[in-house]
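This report refers to the structure that appears directly beneath it.
Laboratory data are not the source of any read-out in this text; all were calculated from the coordinates shown. Quick caveat: nothing in here was measured; it's all calculated off a predicted structure. Virtual Cβ from ideal backbone geometry, glycine too; neighbours counted across all protein chains shown.
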Amino acid sequence: MCVLDIIHICEKYPSEDTDKRSLSGHWQRGGNASNVCTVLQQLGAECEFLGMLSTAAAFKFLQQDCTERNIHIENCPMCEENPPFSTVILATNTGTRTIIHSNRGFPILKFQHFQNLKLNNYKWIHFEGRNVTETSQMIWEIRKYRKQAKDRGEESITVSVELERLDMDLLALARIADIVILSKDMSEFLGWSTRYEAVYGMRQSLQDLQDAAKEIDEKIETIPSIVCPWGSEGCAYLSSDSSYGSFLAIPATTVVDSLGAGDTFAAGFIFAQCILNMDIKMSVDYANQVAGFKILHRGYDMIKKFQYRKT
């Protein structure tokens, strides 16, 4: 999604029923997929956002910011409704961020919109985990295209899905992806208390779904690789060939801005895999480092100065 983030930077989280002045405030374009595009562009990748956008005059900033950052939006459907927005409180004494979302039924991206794309223009397509009925049709469309492209000897498309929303139904999307980026919140919602438990638990859940697929054309030949960022404890991965690895978080003396750290991790992983052609271990290391770099700086603009150090 592409939303407006209204950000207040406060010395500490305000007490209930008080009137406080923030240290500073600003607004910026937000939303998971939107943020992933921002970071990919900062790292040096050409990218496109596909999602519903609003023509409402008060929110023209969202389109303008995409255009100014060279993020393609020409295939986005438009509507007149006001888009979702979020109020974000960043507390400088703890480095935490508290987010309050507002979404009054903004229209979702439909499969018919996705069908307008020319899939031969893309190497990697990343999905926010939401709207299972529509999104699953999009992924199956990519899978159908990939089979045809393989028969023609053309380049394939990698599909990644991010699981952040606390919704069991999203596992249906994860099963048919190539890469699953599994959040800590979703992991704990599913009952896993460590990054190790999370990647192996998700692997078993996806295998169970695969075994339960009734139709032969619903079967997937391979289980997806699973990548799991775990906040201040680092991250872990379990590849499709069952290779496991983990990394500790990059030490941060002062957390300046943790908003979008998970989206930065996702973008870093995609960039490392798709553009730098790194293997999964190095890609997770790269993602971990760029996310650690991001929280030391306000916003996303400093990410263009990130330099990877092989560990």
By DSSP, what percent of the beta bridges with both residues in the chain are antiparallel, rounded to the nearest 5?
-> 50
How large is the helix-only mean residue ellipticity at 222 nm for the chain, computed as the sum of -39500 (n - 2.57) over DSSP H runs with n ≥ 4, divided by its residue count, in deg cm²/dmol to the nearest 500?
-> -10500 deg cm²/dmol
Mean projection of the alpha-carbon convex hull of the range 210-296 over all orientations, in nm²?
-> 6.9
Alpha-carbon centroids, the range 37-72 and the range 243-287: separation in whole Å | 22
Rounded to a whole number of µm²/s, how large is the Stokes-Einstein D of the chain at 4 °C and 1.567 mPa s, given Rh as the Kirkwood radius over C-alpha pairs?
-> 64
Would you mind checking the radius of gyration and Dmax of the range 1-135 based on alpha-carbon positions, in Å?
-> 16.7, 55
Would you kindly calculate the translational diffusion coefficient of the range 89-185, applying Stokes-Einstein with the Kirkwood radius from alpha carbon pairs, for 25 °C and a viscosity of 0.890 mPa s, and quote it in µm² s⁻¹ without decimals?
-> 159
Tally of Lys pairs whose C-alpha atoms are under 17 Å apart, taken over the range 110-310, 8 or more apart or cross-chain | 12
³J(HN,Hα) across the range 231-238 via Karplus (A = 6.51, B = -1.76, C = 1.60, θ = phi - 60°), whole Hz, x for Gly/Pro?
-> x, 5, 9, x, 7, 8, 8, 9
Connecting every pair of Cα atoms under 10 Å apart in the chain and solving the GNM, the largest mean-square fluctuation among Arg21, Arg97, Arg29 falls on Arg21
Most fluctuating residue of Gln210, Gln112, Gln41 in a GNM of the chain with Cα springs under 10 Å: which is it?
-> Gln112
Distance (nanometres) between label positions extended 7 Å along Cα→Cβ at His101 and Asn75 = 2.4
